[in-house]
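Engineer: The structure's right below; bear with me while I get my questions together.
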Amino acid sequence: MTNGTGRFAGKVAVVAGGASGIGLAILRGLHREGARVVCGDISQERLDGIAGEFDERVACTRVDVTREAEVEALMALAVERFDALDCAFNVAGASRPGYIVDLAESDWDFTVDLCLKGVFLGMKHAARHMLGRGGAIVNIASLNAHVPMHAGAAYASAKAGVEMLTRNGALEMTPDGVRVNAVLPGLVETPLTRRHFENRAALDAFLARIPAGRAAQPEDIAAPALFLASEEARYVSGASLLVDGGWAVTGYPDM
Ligand code: NAD
């Protein structure tokens, strides 16, 4: 039943927000490397769209990561179905943008609930299956944890929160065998960012700030996320790994 050659052979993982973009690339990587995986996503349409791509080593289920009972059930499904939970990837995220002076309370709540509370719930209920027996949690934050974005106060604040939640999780859980790390992507071409790629001038403005000269593809983010969950990263906990093509180190424009 397992692909005996990959880094994740014999391992069981959950990807929350796994039916699109970065989460789907993580799911594909885990499957390719031998894991059994539960993929949770709020979009049944997206789950139906990917289910046929995988064999019995992947189980897809609908979940809203902002609802505690659903997240608890998502993590429990991995144990019921595949007898363990070794790795959890908290990936689901989106934002309702708006400048602070105009931002509706409901839009703030939507973004912070999804991007920050969702990660907290994922960590909490994954860790309950891992503490004392070992495991790895990888949270997807953002470069915006460090860099503010126009009309993005709720999103950037939530992502900064994810970084601290990761460090706090590492403090609390590493002594009991659970490593907790974060990946901070820059600009990634996914359905979430489609509008940036449809506007050439906007895309050029982004690319001018990215030393790598291109946006990331989801696989560029999945690879370091898988590394952090793997045995290769056995001594890494509480880390924030920027995966942004060098965007964060861009200083003054070239004169
Ligand atoms: P995406 O829209 O392609 O995928 C996100 C997935 O999360 C979707 O399948 C969506 O249905 C799911 N989802 C949304 N709300 C959910 C909920 N309440 N419960 C469960 N699932 C839910 O987006 P992406 O670009 O792959 O983003 C993945 C993560 O990466 C997000 O946390 C995002 O903030 C972060 N990120 C993305 C970029 C980028 O440039 N794309 C950059 C930095 C960080």
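Engineer: Applying the selection to segment 16-58, what residues are within 13 Å of the ligand (Cβ to nearest atom) and in contact (Cβ under 8 Å) with a residue 60 or more places away in the chain?
Structural biologist: Those that are within 13 Å of the ligand (Cβ to nearest atom) and in contact (Cβ under 8 Å) with a residue 60 or more places away in the chain: A16, G17, G18, S20, G21, I22, G23, L24, A25, I26, R28.
Engineer: Among the residues of segment 146-162, is any touching a strand residue (DSSP E or B) at 6+ places or on another chain (Cβ under 6 Å) and within 16 Å of the ligand (Cβ to nearest atom)?
Structural biologist: Checked segment 146-162: at least one residue is touching a strand residue (DSSP E or B) at 6+ places or on another chain (Cβ under 6 Å) and within 16 Å of the ligand (Cβ to nearest atom).
Engineer: Here is a list of conditions, (1) part of a loop (DSSP other than H, G, I, E, B); (2) modelled with pLDDT of 95 or more, and M149 meets all of them except one; can you say which number that is?
Structural biologist: All conditions pass for M149, except number (2).
Engineer: Is it the case, given these coordinates, that A88 is modelled with pLDDT under 95 and either within 19 Å of the chain's Cα centre (by Cα) or of a type in the set (A, V, I, L, M, F, W, C) (or both)?
Structural biologist: no
Engineer: So the check is Cβ under 6 Å with 6+ separation or different chains; which pairs have a first residue in segment 79-102 that's among the charged types (D, E, K, R) and a second one that's more than 10 Å from the ligand (Cβ to nearest atom)?
Structural biologist: R81/A59; D86/K11; D86/V12; D86/G135; R96/D107
Engineer: Shifting gears a bit: Between residues in segment 125-153 that are in contact (Cβ under 8 Å) with a residue 12 or more places away in the chain and residues that are among the basic types (K, R), which pairs lie under 8 Å by C-beta distance while being six or more apart or on different chains?
Structural biologist: Taking only residues 6 or more apart or on different chains, the pairs are G135/R179; A136/R179; I137/R179; A141/K159; S142/K159; N144/K159; A145/K159.
Engineer: Which residue out of A201, A223, A229 is touching a Leu at 6+ places or on another chain (Cβ under 9 Å) and either surrounded by 16 or more Cβ atoms within 10 Å (Cβ to Cβ) or on the phi < 0 side of the Ramachandran plot (or both)?
Structural biologist: Every option except A229 fails the conditions.
Engineer: What number of residues within segment 95-123 satisfy the criterion of being surrounded by fewer than 14 Cβ atoms within 10 Å (Cβ to Cβ) and not acidic (D, E)?
Structural biologist: Total meeting the criteria: 5.
Engineer: So G213 fits all but one of (1) surrounded by fewer than 14 Cβ atoms within 10 Å (Cβ to Cβ); (2) under 26 Å from S230 (Cα atoms); what number is the exception?
Structural biologist: All conditions are met except number (2).
Engineer: Could I ask something else about it? In segment 239-255, what residues are farther than 20 Å from L30 by Cβ, part of a loop (DSSP other than H, G, I, E, B) and in contact with a strand residue (DSSP E or B) (Cβ under 7 Å, 6 or more places away or on another chain)?
Structural biologist: D244, G245
The values are calculated or read from the model by the stated rules, or taken from the named source; none is laboratory data. Remember, it's a predicted structure, so these values are computed and weren't measured experimentally. Cβ atoms come from the backbone with ideal geometry, glycine included; neighbour counts cover every protein chain shown.
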